[in-house]
Amino acid sequence: MELYHLKTFVTVAEEKHLTRASERLFTSQPAISAHIKALEEELNLTLFDRTPKGMLLTAAGEQLLDRAQRTLAAAGDFLHHAKGMQNELLGSIRIGLNTDAEFLRLVELQAGLRAHYPQLDLEFMSGRTGNNIPALRVGKLDAAFVSGDCDEPLLDSHVLREEEMAVAVPNALRDQIASPDIPALARLPWVYTSPDCAYYQLMQPLFESHCCMPVKTMMADQEDAMRAMVAAGVGLGIMRRSDVEAAEREGRMHALPMKLPTISLRFAYLRKRANDPIIRAVLSELATIWGLEPVQQRQAV
């Protein structure tokens, strides 16, 4: 039985009308009917008589209404008490970073955690995806931002957003590119990332599918280094489309008119810590910052 089923039951009983109940609950009339039906089926009782005058409680519904109201009130008290305990959350968390603070919205994360959990010590540790995942496995980090797929069985991860990617072209090389032809692009100089970087894992199949490999000029594992090298004319590079377009508006580089797959930005932590209050506190703040659905508590096994 779900609390929202009880809330729907109480609201329909008070309004005696599906349309008014749906307006009050900000949901659709079919959803209201489905909630009532599910509750009646679970209880094996008829709670309402559908009449021309509206939804009228049956004798069974009358008997259960008061209990339902008290149950909802108790749930509300529970939530209020839990919120009152938020400031008592003690401890620390080390979060690994894999890109710049602005993109990861670290200022918003720090401000939200500080406001709701002032006793929580927060540490941001610079790094990259290829370092963060093994650091999580051995407990050097409590959580981390990572990019790309995260199929590590010891970890849980949540997608914060899909990063649109683009090929960034230095101004000095723009005239050498007539079209986004992969073999032709491979003959130009490229700024690479390390093999454990999600950008590398996007780049390699792009060229391998055309049986060619690009000319490697240097490696840059940080976005700011990549931007600087491409803008300086060292070579082409794969970067976040938003960064390339911002630099393009400033006249420092250009985005190649070519569609690339997206890369997932994720927040990861050890699976066994899924119900850790500190991890859940950070997940709650991230859900608010990134406009995500709240992460449900994992059932104990």
GLN69: passes all of (1) part of a strand (DSSP E or B); (2) touching a helix residue (DSSP H, G or I) at 6+ places or on another chain (Cβ under 7 Å) but (1)
State all residues of region 219-244 that are in contact with a strand residue (DSSP E or B) (Cβ under 6 Å, 6 or more places away or on another chain) and not in a strand (DSSP E or B); if no residue qualifies, say none. ALA220, MET226, MET229, VAL230, ALA231, GLY233, VAL234, GLY235, ARG241, VAL244
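Among the residues of region 83-103 satisfying the criterion of being more than 30 Å from GLY130 (Cβ to Cβ) and either at pLDDT 90 or above or within 24 Å of the chain's Cα centre (by Cα) (or both), which is most open to solvent (accessible area, probe 1.4 Å)?
My answer is LYS83.
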Test each condition in (1) open to solvent by 10 Å² or more (accessible area, probe 1.4 Å); (2) at pLDDT below 95; (3) closer than 21 Å to TYR199 by Cβ for ARG114 and report the one that comes out false. (3)
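With within 17 Å of ASP66 (Cβ to Cβ), of a type in the set (A, V, I, L, M, F, W, C), free of Cβ contacts under 8 Å to residues at least 60 places away in the same chain and not in a helix (DSSP H, G or I) as the only criterion, which of LEU39, LEU45 stands out?
On the way: LEU39 fails: not in a helix (DSSP H, G or I).
Of LEU39, LEU45, the one residue that is within 17 Å of ASP66 (Cβ to Cβ), of a type in the set (A, V, I, L, M, F, W, C), free of Cβ contacts under 8 Å to residues at least 60 places away in the same chain and not in a helix (DSSP H, G or I) is LEU45.
Return the residues of region 122-167 that are β-branched (Val, Ile, Thr), outside any strand (DSSP E or B) and either closer than 15 Å to LEU283 by Cα or touching a residue at least 12 places away in the same chain (Cβ under 8 Å) (or both); say none if nothing qualifies.
Here is the first cut: in region 122-167, the ones β-branched (Val, Ile, Thr) are 129, 133, 138, 146, 159, 167.
Now drop any that are not outside any strand (DSSP E or B), which leaves 129, 133, 138.
Hits for region 122-167 are THR129, ILE133.
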Condition met for ASP221 (in contact with a Cys (Cβ under 7 Å, 6 or more places away or on another chain), of a type outside the set (A, V, I, L, M, F, W, C) and touching a residue at least 60 places away in the same chain (Cβ under 8 Å)): yes
Restricting to region 185-200, and then to whatever is touching a residue at least 12 places away in the same chain (Cβ under 8 Å) and in contact with a Ser or Thr (Cβ under 9 Å, 6 or more places away or on another chain), can you tell me which residue is most open to solvent (accessible area, probe 1.4 Å)? ASP196
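The values are calculated or read from the model by the stated rules, or taken from the named source; none is laboratory data. Predicted model, so just to flag it, every value in this text is computed and none were measured. Don't worry about glycine lacking a Cβ; one is built from the backbone with ideal geometry, like all the others, and counts go over all protein chains shown. Note: accessible area is taken over every heavy atom of the protein model, side chains too, but ligands, DNA and RNA are not part of it. Shrake-Rupley method; radii C 1.70, N 1.55, O 1.52, S 1.80 Å.
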